[in-house]
Every structure is written in C-alpha cells, then in structure tokens.
Amino acid sequence: MGLQESIDEVYVACSQGSGSATFRGITKVFWPILDNSVSLIDLAGVFTVSVPDSATGLNITLFGEFFHGISRIKFPNHANYCESLIELIKTTKKISVVTDNPIFTKSVDREVTRVLLTFDFPLRRAFSNFAGESVKVGGGLSWEEVKKLSVGMEIEGLIAFAGAYNLIPAALSVQQCDQLGRTILSNYPVLAGTSSMQSSLLFPQFQLLLCFAAYEKYDAAFKQNQQATNSAVPAKPSSFARKVVAPETKAMSDILTDLLKSLGIDKLTATRDTMDQNQMKNSTLGSDADR
C-alpha cells in the first residue's frame, strides 16, 4: 500500500464514514501517539490551521495537509516523517482507548483546547514540579527535562499536585483524586507511557485529567445546589444557586476555566516568567564575567 492510500485509510478511521474528519474523530484515533512533546493543543493547533474557517471538519484532501503537519511535529528529525507516523499509528491499534465516555467526548473539543492553550505555560510548569519517580511536593524538574526524559507524573505526584493547589480537599478527596488518576491511566493510555502498567501520567493525560476533575467538581456543586433547592424548608435561593445549570448542558470549556482559576494556576505565569528571566540574566552575566 502506498503512502497516500495509507493516509486515506487513517482518514476513514477519523471520519467514521461521515465524509468529514472532526477534531473529536481525529483525537480518538491520534490519542495514543500523544506524548509530552505532542499534546492535545498541538493536535488542535494543526487541525485549526488545516480546517477552513467555515468548516467543522477536514475532507480527504485537507486531511492530507493535517497529516503532514502533525507528522512533522511528531518526527521533526525524520526524513520520512509521514511514513514514520503511519507505522506508529499501526502500532497503536493494539491500544484500547475509551472514547464513549461522555466526559471524554466533552473534553476533546476545540474550545477546551483553547482554554488549555491559554493556561499552557503555567500548566507545564505545574506538571514539571510534580513529575518524576516518587516525587513529593517540589520535584522541581524543568519542562525541557520532562520532555527529554519522557517523564510522567505518578499517582503520588498527582496527589501532591492536587494538595498543593487546594484541589484536595476543596473539590476532591484523596481517594477521588487517586481514582481519577488511575482511570485516566487505564482508559486513556499513550504509547509513550511506561511499559509497566502505564504507571505515570504524561502531559496529554494530565490535560485530560484536569477536564475530568473539573467535571467532578462542577457536578458535586450542582448536586449540592439541587439538594438545597429541594430541601423541605428551602432557604432563600442565592445568586449562585440560580446560575448553576446541569453539567450535561454546561460547556466543558467554562467548567475547565472555572477549575483552573480556582486553583490559581494562572498566577504562576508572571512569577515564574520573572524567575526565568532573572536566571537567564544571571547566566548571561556569569558568562560575560568568565570572558
């Protein structure tokens, strides 16, 4: 089978006979090839560049452009990058991904990836701080080290992250956080993960887990609000109670934004950027002094 025929075969899997490969359909097929270097927002970025403004998906011709683009990102140093991706996708056919979960369906949305892009730098820094083997609070790896070593976040690191950002106990219990992490590892494995039971979350899995955690947090708040509203002696409804809508009808992008802001993830940007700039300046001054 030639290269174009192989790409067309991947298109058929992404479009599922609908005549258009949507971002959701592409994510279902390409999920296992993601890693720390190629995350959900990278997949969404190439898709956005490839799809016309007025369209919601890619036809067979535009899909070829998308495939070439994501191949270059995945294999920047390979001469035959498309062929390399074809072989990798064939390898991932043995990996089972749960795509019929309603939270996953809501999470693989272009608006959700825009939120992840908005918070990309602080999220990568937060992930790096808790990545590595048996890392406690303050692991302190750099993002470049995380990518180079293909380092993930173990369950212990995830719990440390959740505790440090008040996800535990404000929104989830330790047990819920542990279970969410294990669910992502089990249902949404990636080929680049560790071979021993997929024991650590890579960055795309961490991005997806945040969506699951945000949904759990919002769902709990909704149920609490419903109980208060339906109580035998209902209290005067608050403005919060009036605004809460069922999680099934609320945009995941809004649910995720609320979670990230409540964690204070956005506040990492200015502080860490200043630190990085100071470190770079000191390094430059040191080099000048040496000369």
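The values are calculated or read from the model by the stated rules, or taken from the named source; none is laboratory data. It should be emphasised that the depicted structure is a prediction, and the values quoted were computed from it without experimental measurement. Virtual Cβ from ideal backbone geometry, glycine too; neighbours counted across all protein chains shown. Quick note on the areas: whole protein, heavy atoms, side chains included, nothing else; ligands and nucleic acids left out. Shrake-Rupley method; radii C 1.70, N 1.55, O 1.52, S 1.80 Å.
Any idea which of K281, K261, K267 is modelled with pLDDT under 75, within 21 Å of the chain's Cα centre (by Cα) and open to solvent by 80 Å² or more (accessible area, probe 1.4 Å)?
One residue alone meets the criteria, K267.
Is it fair to say D100 is of a type in the set (D, E), closer than 23 Å to D42 by Cα and open to solvent by less than 50 Å² (accessible area, probe 1.4 Å)? If you could, list the steps in order and put the result at the bottom.
Numbers: of a type in the set (D, E): yes; closer than 23 Å to D42 by Cα: yes; open to solvent by less than 50 Å² (accessible area, probe 1.4 Å): no.
No.
Among the candidates L172, L158, L191, which residue alone is at pLDDT below 95, out of contact with any Gly (no Cβ under 9 Å at 6 or more places or on another chain) and open to solvent by less than 20 Å² (accessible area, probe 1.4 Å)?
Testing whether each residue is at pLDDT below 95, out of contact with any Gly (no Cβ under 9 Å at 6 or more places or on another chain) and open to solvent by less than 20 Å² (accessible area, probe 1.4 Å) leaves just L172.
Taking the criterion of being part of a helix (DSSP H, G or I), open to solvent by less than 50 Å² (accessible area, probe 1.4 Å) and among the acidic types (D, E), would at least one residue in the stretch 110-130 satisfy it?
Yes, that holds for at least one residue.
Of L3, L34, which residue is in contact (Cβ under 8 Å) with a residue 40 or more places away in the chain, under 13 Å from L85 (Cβ atoms) and buried (at least 20 other Cβ atoms within 10 Å of the Cβ)?
The match here is L34.
Take the conditions of a type in the set (A, V, I, L, M), within 28 Å of W143 (Cα to Cα) and surrounded by fewer than 16 Cβ atoms within 10 Å (Cβ to Cβ) and apply them to V49. Does it pass?
yes
Looking at this structure, is E144 modelled with pLDDT under 95, surrounded by fewer than 14 Cβ atoms within 10 Å (Cβ to Cβ) and under 21 Å from V190 (Cα atoms)?
Values: modelled with pLDDT under 95: yes; surrounded by fewer than 14 Cβ atoms within 10 Å (Cβ to Cβ): yes; under 21 Å from V190 (Cα atoms): yes.
Spelling it out, E144 is indeed modelled with pLDDT under 95, surrounded by fewer than 14 Cβ atoms within 10 Å (Cβ to Cβ) and under 21 Å from V190 (Cα atoms).
When you scan the stretch 70-100, how many residues do you find that are touching a residue at least 60 places away in the same chain (Cβ under 8 Å) and farther than 16 Å from V190 by Cβ?
3
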